[in-house]
Ligand SMILES: Nc1ncnc2c1ncn2[C@@H]1O[C@H](COP(=O)(O)OP(=O)(O)OP(=O)(O)O)[C@@H](O)[C@H]1O
Ligand SMILES: [Mg+2]
């Protein structure tokens, strides 16, 4: 299953105003891996993700998804393979009702109406939002929006799931639910997060970005045990790995 | 300066609906053909932006009162004429349905008054001509102010014409013009100033946004002659239909009903070609004297009003009392039925 | 001036009414749009001195609102908010039209007052009809109806986008505006100098958002075509609804129902 490999080579991105968001980023992610990309605010995480489905074009460097290099010609196919959940769910939910929104992608794939309906029902159940079907997106809460946004992406049956800060703004229960959801997703997962405890729970591998370069790339636990690295990159140990300051138990 | 349903006659409202619908159809075709599909979400989202912007107030310089952005000219600068026209039209649709700004029948008038002039006249022929492609701050402000003023003056004048030819308001043409134009001169200057401030801010921070609006439909592709010709044709059409309706009968629907049912009595005052011609002349004369009070009242009240054109006021007393009592009863009846229906709904 | 938060809440409330389920809600939206149009055209087709004949027309909004289970108090309050504007417009009529119309005892009523009252009544009826249309249909269905009645797709689609993002952007605008108000003392700081950049920022953010939305659409295979599921059809019920109400309106237009009823009652009493 090597064809769902994600390869980024010497990626550089400079925004129109001259900000160098990515200096030189290289990484390879294999099929079925679950990878977290962490780093301080402004480290370039969102910028990196937006390259993976061709929203931003690199100033230099190369991206390969599966067997194809990312070019204008392969873009439609790659966008189908890479499902991206945006940081702000409002950007993603643009149709009149939740149903229409989730059905938007499958309709564009040219599926017949019955199959679209089935698929919509299935993914909405998967994210626990079946009861929201007929609601318009602007009547949803933040967590509900997030779940529906994930459903819209799942409805395309992507091979690679890319998410920008999936748990930000969720209440503890919704966060738990989402983490369960992600654990069940069998394919490649790549996400950025400031929720380091979630990273520890869900990802075997972590990539640390700092000022537009890859500062570290390795097993999650190793990275969180490297105090010097964490300090340099404005990060800290997840709470679950620290001693409990209240009851005094722990390491 | 939203036009309201309550001030419109069906003939004027209907004609303007036709004109607005035609312009929407044409602009939609243009947008679909000439612009890429990324424009459609952009138009919608910018329409929503206009809503948000209109809710935020600012203090008007030198007066202390507060105002808000209209947005027509700003949209034209950002999107070009066709897309801007469609966006303004959809803002007005939402306003008419949710905020009762204007009304459903008045929508045609409002789309024309507030959409057509900024998008197809003020922006391409005034703003673009004065501002050029790389305007300085002052030049941009001057262009925006003049364009906004011209657009609003035309819109305001259009409101006057629509109101007067509908004949529901008693405001004489001259008074109305004297009232409307100066107010909209002031509003136009403020609108121009605000538009210029916003445009120069965006031009400095994100020049590509302002440039994007300039590209798609340049004034070169929108020749003045064509616009003027189609405008002329439209106004002839409007003038023709409205004055025909208005002269044939004060209310078009009554006329239509008479035609359909074949009843004579509703046609009331009009008999023969003479009266038609006479009243046609009266309408075409620019300041129609809407003295059809007696005629209209007479027509509506039928045989009760036999005292001649003087319309003896005391003679109307009988009908008026009966009418007043009846009005109250019908109101009570309507709400009574509503109450019963509601109860049944709750038990069902 | 309307407070922003209030306006947004109000919008949401009216929109939520449309999620109700009633005989009226279940009708195809086209039937309701057409009936509303016929109603408004009939109401405004009266000459300007018609007052009493307008009253029987209340039957339509009242019956529709009742069958649609709309909260009466809310609709009435929304209409009352519009009346002052109608009054301002109508007020000019008594000034310019002082001809005596009717004398009731010591009171002389001029034509201007009658037409002023007529304008207010027209406003109540037409505005009420519009609110009720949205309340029993919902904006999205109104759009769909417009499209199926021949409005170009480009127009209706961007109308839907507009509606969708009103909620997002007004909230964003409200936050920005609140921040500005909190940091300006009294009227100072609320002028053009801060308004320009504030609106400019909002505009830039809006623009970038539109780009992200387009991106999200492309990511899900958008090729310029919108597919929609057609839920309802225009059947006999709809035909009956439109034709029935239109007949009522035409009859009420030709026969002054109030006059007729009034004569009946006063005739019986005397
Ligand atoms: N559209 C833009 N134009 C110019 N500079 C930008 C733009 N978007 C981001 N940047 C800059 O690029 C850098 C990287 O931004 P990016 O959004 O990728 O950070 P991030 O790691 O996702 O941060 P956060 O954790 O806050 O989401 C930042 O310095 C930011 O200021
Ligand atoms: Mg980010």
Exercise for review: Could you check, for the range B:27-45, whether at least one of its residues is assigned to a helix (DSSP H, G or I) and either under 19 Å from the mean Cα position of the chain (by Cα) or not assigned by TED's automatic domain parsing to the domain that holds residue B:194 (or both)?
Suggested key: yes
Practice item. Considering (1) surrounded by fewer than 22 Cβ atoms within 10 Å (Cβ to Cβ); (2) more than 16 Å from ligand 2 (Cβ to nearest atom); (3) modelled with pLDDT of 85 or more, say which one residue A:147 fails and leave the rest. Key: (1)
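Table: residues versus (1) surrounded by 15 or more Cβ atoms within 10 Å (Cβ to Cβ); (2) modelled with pLDDT under 90; (3) within 22 Å of residue C:122 (Cα to Cα); (4) out of contact with any strand residue (DSSP E or B) (no Cβ under 7 Å at 6 or more places or on another chain).
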position	(1), (2), (3), (4)
C:2	no, yes, no, yes
C:8	yes, yes, no, yes
C:16	no, yes, no, yes
C:19	no, yes, no, yes
C:22	yes, yes, no, yes
C:32	yes, no, yes, yes
C:42	yes, no, yes, yes
C:46	yes, yes, yes, yes
Check your understanding: Given the conditions (1) at the interface with chain B (Cβ under 7 Å from one of its Cβ atoms); (2) at pLDDT below 85, which single one is not true for residue C:207?
Key -> (2)
Exercise for review: Tell me which residues, restricted to the range A:55-74, are at pLDDT 85 or above and closer than 27 Å to residue B:45 by Cα.
Suggested key: A:56, A:57
Exercise for review: With the condition kept exactly as written, say whether any residue in the range C:62-73 is crowded, with 16+ Cβ neighbours inside 10 Å, at pLDDT below 85, part of a helix (DSSP H, G or I) and more than 7 Å from chain B (Cβ to nearest Cβ).
Suggested key: no
Review point. Restricting the search to the range A:80-93, which residues are more than 16 Å from ligand 2 (Cβ to nearest atom) and modelled with pLDDT of 85 or more?
Key: A:81, A:82, A:83, A:93
Practice item. Can you confirm whether the range A:93-116 contains a residue that is closer than 28 Å to residue C:18 by Cα and within 16 Å of ligand 1 (Cβ to nearest atom)? Key: no
Review point. Listed residues C:162, C:182, C:125; which is assigned to a helix (DSSP H, G or I) and facing chain B (nearest Cβ under 7 Å)?
Key: C:162
Review point. For the subset of the range A:195-206 comprising residues that are within 16 Å of ligand 1 (Cβ to nearest atom) and closer than 15 Å to residue A:230 by Cα, which member is nearest to the other protein chains (Cβ to nearest Cβ)?
Key: A:195
**Study point:** Test: residue A:137 is away from ligand 2 (no atom under 16 Å from the Cβ), more than 16 Å from the chain's Cα centre (by Cα) and buried (at least 22 other Cβ atoms within 10 Å of the Cβ)
**Key:** yes
**Study point:** Residues (at the interface with chain C (Cβ under 7 Å from one of its Cβ atoms) and touching a residue at least 12 places away in the same chain (Cβ under 8 Å)) located in the range B:14-49
**Key:** B:24, B:28, B:31, B:42, B:43, B:44, B:46, B:47
Revision key, fill the gap. If we keep only residues of the range A:35-44 that are out of contact with any helix residue (DSSP H, G or I) (no Cβ under 9 Å at 6 or more places or on another chain) and more than 9 Å from ligand 2 (Cβ to nearest atom), then the residue nearest to the other protein chains (Cβ to nearest Cβ) is A:35
Practice item. Among the numbered conditions (1) touching a residue at least 60 places away in the same chain (Cβ under 8 Å); (2) surrounded by 22 or more Cβ atoms within 10 Å (Cβ to Cβ); (3) farther than 24 Å from residue C:9 by Cα, tell me where residue C:153 comes up short. Key: (2)
**Study point:** Conditions (1) buried (at least 22 other Cβ atoms within 10 Å of the Cβ); (2) more than 9 Å from every other protein chain (Cβ to nearest Cβ); (3) over 22 Å from residue B:24 (Cβ atoms): number failed by residue C:107
**Key:** (1)
Exercise for review: Residues being under 30 Å from residue C:75 (Cα atoms), at pLDDT 90 or above and either away from chain C (no Cβ under 14 Å) or in a helix (DSSP H, G or I) (or both): count how many of those fall in the range B:95-140.
Suggested key: 9
Exercise for review: Could you please find all residues in the range A:137-157 being within 16 Å of residue A:91 (Cβ to Cβ) and assigned to a loop (DSSP other than H, G, I, E, B)?
Suggested key: A:140
Check your understanding: Has the range B:185-194 got any residue that is assigned to a helix (DSSP H, G or I) and without any contact (Cβ under 8 Å) to a residue 12 or more places away in the chain?
Key -> yes
Review point. When the residues of the range A:107-122 are filtered to those that are surrounded by fewer than 22 Cβ atoms within 10 Å (Cβ to Cβ), in a helix (DSSP H, G or I) and more than 9 Å from chain C (Cβ to nearest Cβ), which remaining residue is farthest from ligand 2 (Cβ to nearest atom)?
Key: A:114
Practice item. Scan (1) within 16 Å of ligand 1 (Cβ to nearest atom); (2) over 20 Å from residue A:214 (Cβ atoms); (3) buried (at least 19 other Cβ atoms within 10 Å of the Cβ) for the single condition residue A:49 breaks and write down its number. Key: (2)
Exercise for review: Mind listing whichever residues of the range A:54-88 are within 15 Å of ligand 1 (Cβ to nearest atom) and touching a residue at least 60 places away in the same chain (Cβ under 8 Å)?
Suggested key: A:84, A:85, A:86, A:87
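Let's see how each residue does on (1) surrounded by 15 or more Cβ atoms within 10 Å (Cβ to Cβ); (2) not in a loop (DSSP other than H, G, I, E, B):
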position: A:167; (1), (2): yes, no
position: A:170; (1), (2): yes, no
position: A:191; (1), (2): yes, yes
position: A:218; (1), (2): no, yes
position: A:221; (1), (2): no, yes
position: A:229; (1), (2): yes, yes
position: A:234; (1), (2): no, no
Review point. Assigned to a strand (DSSP E or B), within 14 Å of chain C (Cβ to nearest Cβ) and more than 13 Å from ligand 2 (Cβ to nearest atom) - does that describe any residue in the range A:1-24?
Key: no
Check your understanding: Does residue A:33 qualify as being away from ligand 1 (no atom under 11 Å from the Cβ) and loosely packed, with under 15 Cβ neighbours inside 10 Å?
Key -> no
**Study point:** Selected residue [out of contact with any strand residue (DSSP E or B) (no Cβ under 8 Å at 6 or more places or on another chain) and either within 16 Å of ligand 1 (Cβ to nearest atom) or touching a residue at least 12 places away in the same chain (Cβ under 8 Å) (or both)] from A:192, A:188, A:167
**Key:** A:167
Check your understanding: In the list A:28, A:74, A:47, A:57, which residue meets the criterion of being away from ligand 2 (no atom under 16 Å from the Cβ), within 14 Å of another protein chain (Cβ to nearest Cβ) and touching a strand residue (DSSP E or B) at 6+ places or on another chain (Cβ under 7 Å)?
Key -> A:74
Exercise for review: Could you list all residues from the range A:151-170 that are within 13 Å of another protein chain (Cβ to nearest Cβ) and away from ligand 2 (no atom under 16 Å from the Cβ)?
Suggested key: A:151, A:152, A:153, A:154, A:155, A:156, A:157, A:158, A:160, A:161
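The values are calculated or read from the model by the stated rules, or taken from the named source; none is laboratory data. Please read all numbers here as calculations on a predicted model, not as lab measurements. Neighbour counts run over all protein chains shown; Cβ positions are idealised from the backbone, glycine included.
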